[in-house]
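The values are calculated or read from the model by the stated rules, or taken from the named source; none is laboratory data. Note that the structure is a prediction, hence the values are computed from the model and not measured. Neighbour counts run over all protein chains shown; Cβ positions are idealised from the backbone, glycine included. Heavy atoms of the whole protein, side chains included, go into the accessibility calculation; ligands, DNA and RNA do not. Shrake-Rupley method; radii C 1.70, N 1.55, O 1.52, S 1.80 Å.
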Amino acid sequence: MSTAAPPAEPHDTKPAGGPDERLVHRSLARRLMGRPELGAVVGAIAVFVFFSFAANTFLQADSLSTVLYASSTIGIMAVPVALLMIGGEFDLSAGVMVVSSALVSSMFSYQMTANTWVGVGVSLLVTLAIGVFNGFLLTRTKLPSFIITLGTFFMLTGLNLGFTKLISGTVSTKTIADMEGFESARVLFASHLTIGGVDIQVTIIWWLALIALATWVLLRTRVGNWIFAVGGNADAARAVGVPVTKTKIGLYMGVAFAAWISGQHLLFSYDAIQSGDGVGNEFLYIIAAAVGGCLMTGGYGSAIGAAVGAFIFGMTSKGIVYAQWNPDWYKFFLGAMLLLATLLNAWVRKRAEASK
C-alpha cells in the first residue's frame with residue numbers, strides 16, 4: 001500500500017489586504033480617466049473641430065501660427081500658475097507683475113542710459129523679489145493667498161502708474177528701440193522663426209520649454225512631490241519633513257520668473273509700455289489652469305493641462321475673429337468654460353476614484 005502523502009494544496013500568496021496596487025494591471029481607459037488634463041484635452045478637440053467648420057481660414061498655416069502665439073502669451077504664465085495652484089495657493093498679482101517687469105526694464109535702461117541688458121537684469125531681480133515678498137508674507141502671516149496677492153495687485157497697479165507718470169510725465173514709457181542691446185534682447189524675447197514660410201514666435205518656444213521643465217519637476221523630482229504634498233495638506237507635509245515655506249516661496253518665484261519673461265516680450269515687441277496694462281490677465285492664467293484640471297483646493301493638476309487650457313483660449317480668441325463674430329462673446333466663453341471645466345474635472349475624478 002502506498003504511503004505517499006497527498007499533494008500539497010497550492011499556497012495562497014495573496015496578501016491579506018488584497019493584491020499590491022502597483023502590480024494590478026490598469027486598462028488604458030482607467031489610466032486616462034486618472035489624468036487631470038483629460039477634460040481639457042477633450043474640450044480642446046471639440047473647440048478645434050468646431051472652429052475648423054465655423055471659420056474657413058482657421059486651418060490655414062498662418063492662422064494656426066497666430067493661434068499658437070495667442071496661446072503662448074497666456075500659457076507662459078498659466079504653467080507656473082498651475083504649479084502654484086497645485087501647491088494650494090493663488091497669485092492675483094500675476095497680471096500686473098508682467099507689466100511691472102516691463103516697466104522696470106524700460107525705465108531703468110532709459111533713465112540710466114544703460115545698455116538694455118542692464119535693465120533686463122535689474123528687472124529680473126526686482127520681479128523675483130516681488131515673488132519672494134508674496135511667498136514670505138504668505139508663510140509668515142498665515143493669511144490666505146487671496147488677501148496677500150490682492151494687496152500686492154493693488155500696490156503694483158498704483159506703483160506702475162505712479163512711477164511712470166512721475167518719471168516720464170505720461171502713462172507710458174519712452175521708446176528704447178534706439179538703445180544699445182535692444183536688438184539682441186529682442187532676438188531672445190520677441191523674435192520669430194520662419195519655418196516652411198510660416199512665422200513662429202519665440203514665445204512659443206519659451207512656452208514649450210516651460211511646459212517641459214514644469215512637467216519634469218512635477219513628475220520626476222522630489223520638489224514635485226513637495227508641491228503636491230503642500231497642496232494636499234500643508235500641516236501633514238510639514239510633519240513628514242517637507243520644507244513647506246521654501247516650497248511655497250519657490251512657487252511664487254516661479255510665477256515671478258514667468259512674469260519677467262512675459263514682461264520682456266511685451267517690452268521688446270512694442271518698444272514702450274502702457275502702465276495700466278495687465279489688469280485682469282491674472283484671471284486668464286487661473287482659468288487656463290483650472291480648465292486644465294488644477295483643483296482650486298490644491299494637490300491636483302498638471303502643467304500639460306494648464307497648457308491645453310491656454311491653447312483652448314488661444315483657439316477661441318482667434319477663432320471668434322476668423323469666424324467674424326462679435327468678440328464681446330469671448331468673456332462669456334471664459335466664464336462658461338471655467339464652470340464647465342470644473343464640473344467635468346470633478347466628474348472625471350469621481351469616476352477615476354470609483355474605478356480604482
inquiry  = Condition first: farther than 30 Å from residue 299 by Cβ and open to solvent by 20 Å² or more (accessible area, probe 1.4 Å). Now tell me which residues in the range 83-105 satisfy that.
reply    = 104
request  = Check whether at least one residue in the range 270-277 is closer than 24 Å to residue 213 by Cβ and in contact (Cβ under 8 Å) with a residue 12 or more places away in the chain, and report yes or no.
outcome  = no
request  = Tell me, yes or no, whether the range 45-59 has at least one residue that is in a helix (DSSP H, G or I), in contact with a strand residue (DSSP E or B) (Cβ under 8 Å, 6 or more places away or on another chain) and farther than 15 Å from residue 291 by Cβ.
outcome  = no
ask   = Got a number for residues in the range 257-284 being at pLDDT 95 or above and among the β-branched types (Val, Ile, Thr)?
value = 1
note = Conditions (1) buried (at least 21 other Cβ atoms within 10 Å of the Cβ); (2) under 23 Å from residue 337 (Cα atoms) -> residue 59 fails only (1)
message = Tell me the residue from 108, 48, 53, 136 that is surrounded by fewer than 21 Cβ atoms within 10 Å (Cβ to Cβ), farther than 17 Å from residue 259 by Cα and at pLDDT 95 or above, please.
response = 136
message = With the requirement that a residue be open to solvent by 60 Å² or more (accessible area, probe 1.4 Å) and part of a helix (DSSP H, G or I), what does the range 295-321 give you?
response = 304, 318, 321
remark   = Scanning the range 262-278 for residues that are more than 28 Å from residue 41 (Cα to Cα) and in a loop (DSSP other than H, G, I, E, B), the one most open to solvent (accessible area, probe 1.4 Å) turns out to be 277
query = Hey, any hits in the range 247-256 for a residue that's open to solvent by less than 30 Å² (accessible area, probe 1.4 Å), within 17 Å of residue 87 (Cα to Cα) and at pLDDT below 95?
reply = no
inquiry  = Anything in the range 64-77 that is open to solvent by 10 Å² or more (accessible area, probe 1.4 Å) and not β-branched (Val, Ile, Thr)? List them, or say none.
reply    = 64, 65, 68, 69, 70
key: Matching residues, the range 322-356, being modelled with pLDDT of 70 or more and open to solvent by less than 60 Å² (accessible area, probe 1.4 Å)   = 322, 323, 330, 333, 334, 335, 336, 337, 338, 341
